[in-house]
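Asker: Could you have a look at this structure, given as structure tokens, before my questions?
The values are calculated or read from the model by the stated rules, or taken from the named source; none is laboratory data. Being a predicted model, the structure only gives us computed values, none of them experimental. Here Cβ is always computed from backbone atoms with ideal geometry, including for glycine, and neighbour counts include all displayed protein chains. To get the accessible areas, we keep the full protein, side chains included, count just its heavy atoms, and leave off ligands, DNA and RNA. Shrake-Rupley method; radii C 1.70, N 1.55, O 1.52, S 1.80 Å.
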Amino acid sequence: MDDEYAKLIRRVNQPRVAIDNSACEDATVIQVDCVNKHGILLEVVQVLTDMNLTITKAYISSDGGWFMDVFNVVDNDGNKIRDKQVVDYIRRRIETSAGFVSSLRGSVGVVPSEEHTSIELAGTDRPGLLSEVCAVLADLRCNVVNAEIWTHNARAAAVVNVTDDSTGCAITDPKRLSTTKKLLCNVLKGNDDLKTAKTTLSAPGFMHRERRLHQIMLADRDYERVERAGVRTAEEGSSRPQVNLLNIEKDYTVITMRSKDRPKLLFDIICTLTDMQYVVFHGMVNTGRMEAYQEFYIRHVDGLPISSEAERVRVIQCLEAAIERRASEGLELELCTEDRLGLLSDITRIFRENGLCIKRALISTKGGKANDTFYVTDVTGNPVDPKIIDSICRQIGRNALQVKDSTTLAPEPPHQETTIGYLFGNLFKARTFQNFKLIRSYS
């Protein structure tokens with residue numbers, strides 16, 4: 001009866017979305033008014049994020065059963081959203097999302113997919129892990145249509161969407177799914193995985209890739225700091241995010257955060273708060289000069305603020321992890337070439353054999369073209385030797401592989417180095433991507 005009453009209230013009070021280009025000099029202002037429900041803030045922010053809009057400011061209020069939020073947004077070029085068709089599309093998407101009543105509890109922020117099989121992976125990060133995973137999928141004739149891989153604090157998580165190479169459809173055969181899961185689990189376990197490696201396969205179902213990655217890494221407790229000998233930790237090269245918590249008269253817990261600004265930052269933070277069962281009642285977001293400041297008044301879904309020191313520490317650690325997971329680390333490489341079965345296996349093998357470690361990757365295919373982005377370091381987490389990158393570009397093809405930001409390359413040495421990484425690069429100087437011989441056969 002409660003669910004039916006909630007549906008009736010939402011039908012009577014349909015969401016109202018106002019989009020104004022005159023209220024702010026340098027951003028489009030989007031105001032959303034509707035009946036409040038758990039997870040609605042995440043759903044609205046997800047719509048804006050999925051459309052590649054950057055939220056420069058936000059004002060959040062959801063007390064008294066009513067949701068009223070204001071977002072200042074710009075496009076990728078920092079401009080207002082002036083195209084009427086785009087404006088109308090944004091309005092429809094938010095109205096649909098804010099007015100939708102999900103019957104799946106705990107599925108806030110997910111969207112349906114009917115075209116592929118989703119593979120979720122979690123395990124200890126190590127050099128060459130993605131290469132081994134891709135080799136297994138190629139051997140099983142699973143074509144990777146899109147994927148996203150994150151690494152943080154010695155843990156790795158991936159959501160990989162694959163199709164059957166022969167049919168181009170989702171893989172539904174239980175025996176084949178079982179074999180795939182077993183082989184991938186063996187790869188993830190490695191020789192010294194102190195935590196249990198996890199592989200989940202599913203036929204067509206409900207999925208939002210970035211949403212699931214946050215959930216996977218949170219469940220894998222990537223927020224717990226792990227120190228590994230010889231590997232540079234993230235905070236050594238950059239300032240850590242500042243997260244502070246304060247209780248106010250037993251009504252709210254106030255969270256304040258300062259960090260380097262980046263795309264999708266607000267989405268990542270709201271994902272984590274929602275997954276931890278916290279509700280944002282009031283808040284503000286302000287960005288400028290490459291820094292983001294965020295302030296939220298929260299309570300747990302049971303109506304209480306944070307009451308214990310252990311929970312306070314856990315919330316701080318989880319929010320720090322949410323900010324850091326997607327932070328750009330390493331040299332950005334962009335691959336654009338004709339897609340084929342085993343392409344990702346070939347590329348990641350070349351990276352591995354040249355001593356590169358993949359910190360984050362975004363894989364996509366469209367119209368027979370592969371468009372992949374990799375963030376790489378050397379095996380110790382330091383910048384990559386430019387000679388190695390030059391060698392890899394020659395192997396794969398300079399038109400196919402582009403270096404997006406050369407400022408993160410290691411500085412040129414004054415004389416020829418003889419490090420292990422450079423020796424690996426020399427081994428492949430005479431070989432091209434076209435005649436590269438794989439140990440495995442994909443025929």
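Asker: Report the local net charge at ASN399: Lys and Arg +1, Asp and Glu -1, summed over other residues whose C-beta lies under 15 Å from its C-beta.
Answerer: Residues close to ASN399 contribute a combined charge of 0.
Asker: What FRET efficiency do you get for LYS175 and ALA219 if R0 is 41 Å and r is their Cβ-Cβ distance, rounded to the nearest 0.05?
Answerer: E(calc), rounded to 0.05, equals 0.90.
Asker: Taking the mean number of other Cβ atoms within 10 Å as a proxy for protection, how do you rank 251-262, 313-324, 286-297, 352-363 from highest to lowest?
Answerer: Highest-to-lowest ranking by the protection proxy: 352-363, 313-324, 251-262, 286-297.
Asker: Going by Cα centres, the range 25-53 and the range 297-357 are how many Å apart?
Answerer: If you average the Cα positions of each part, the centres end up 23 Å apart.
Asker: How do LYS181, LYS250, LYS84 rank by accessible surface area computed with a 1.4 Å probe, from largest to smallest?
Answerer: Per-residue accessible area, sorted high to low, gives LYS250, LYS84, LYS181.
Asker: Between CYS24 and ARG299, what is the spin-label point distance in nm, taking each point 7 Å from the Cα along the Cα→C-beta axis?
Answerer: Here the answer is 2.9 nm between the modelled labels.
Asker: For the cross-link pairs LYS359/LYS387; LYS260/LYS369; LYS181/LYS264; LYS57/LYS404; LYS175/LYS359, which exceed 25 Å when the distance is taken from alpha carbon to alpha carbon?
Answerer: Result: LYS260/LYS369; LYS181/LYS264; LYS57/LYS404; LYS175/LYS359 exceed 25 Å.
Asker: Now for a different question. Separation between the LYS182 and ARG16 pseudo-spin-labels, each 7 Å from Cα along Cα→Cβ, expressed in nm?
Answerer: Reported label-point gap for LYS182 and ARG16 is 6.1 nm.
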